[in-house]
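Working notes, structure below.
Read-outs: derived from the displayed coordinates by stated rules, not from any lab. Because the structure is a prediction, the values reported are computed rather than measured. Reconstructed Cβ throughout: ideal geometry from the backbone, glycine too, with neighbour counts over all protein chains shown.
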Amino acid sequence: MDPIRILLVEDYLPDVRLTQRAFRQAKVPNQLDVAIDGVEALDYLRKQGKFSGVAELPHLILLDLNMPRMDGRSVLQQIQADEDLKHIPVIVLTTSKLDLDVSGAYKLGANAYVVKPVTFDAFVKAVATIEDFWLSLVVLP
């Protein structure tokens, strides 16, 4: 089985490390690439700049909402407006529990919305649940 390619769009380094650790323990082989903000994520997805050598698009995107330069909402809008990208499932993985953020993310095309748990163990469990559902059960494009 070829590894599942995942793009993590996250500016908070401790959460990047936690996510990397959780996916290293995953049952499904995966490659976790990281973009630190929305601008970098779109460069990755469009294979521009330092990402011009990216071989293929990710199978799944984990997207934070609140980031510098370009936030996750803008990234979602750009992905949905791009015929080459809008088929990629996007899971919003963020700290915000605001109804406005949740409904807004779904209106912009998010496939799922997950609030980041506060404790380390709960965070690892949340990532493992994402892995179980999106990488083991769901058939990705």
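Take the Cα of E83, step 7 Å along the line toward its Cβ, and report every residue of the range 40-62 whose backbone nitrogen sits under 15 Å from that point. Backbone N within reach: none found.
What is the Cα centroid distance between the range 100-131 and the range 17-57, reported in whole angstrom? Value for the Cα centre distance between the two parts: 18 Å. Please give me the summed charge of the neighbours of I88: other residues whose Cβ is under 14 Å from its Cβ, Lys and Arg +1, Asp and Glu -1. Summing Lys/Arg as +1 and Asp/Glu as -1 gives -1. Close Lys pairs in the chain (alpha-carbon distance under 26 Å; sequence gap of 8 or more, or different chains): 12. The mean of 1/r over all distinct Cα pairs in the chain, once inverted, gives the Kirkwood hydrodynamic radius of 15.0 Å.
If Lys and Arg each add +1 and Asp and Glu each add -1, what is the summed charge of the other residues whose beta carbon sits under 9 Å from the beta carbon of K116? Value of the local net charge: -2.
The gain in end-to-end length when the R21 to V138 segment is fully stretched comes to 39.9 nm, 0.36 nm per residue minus the alpha carbon separation.
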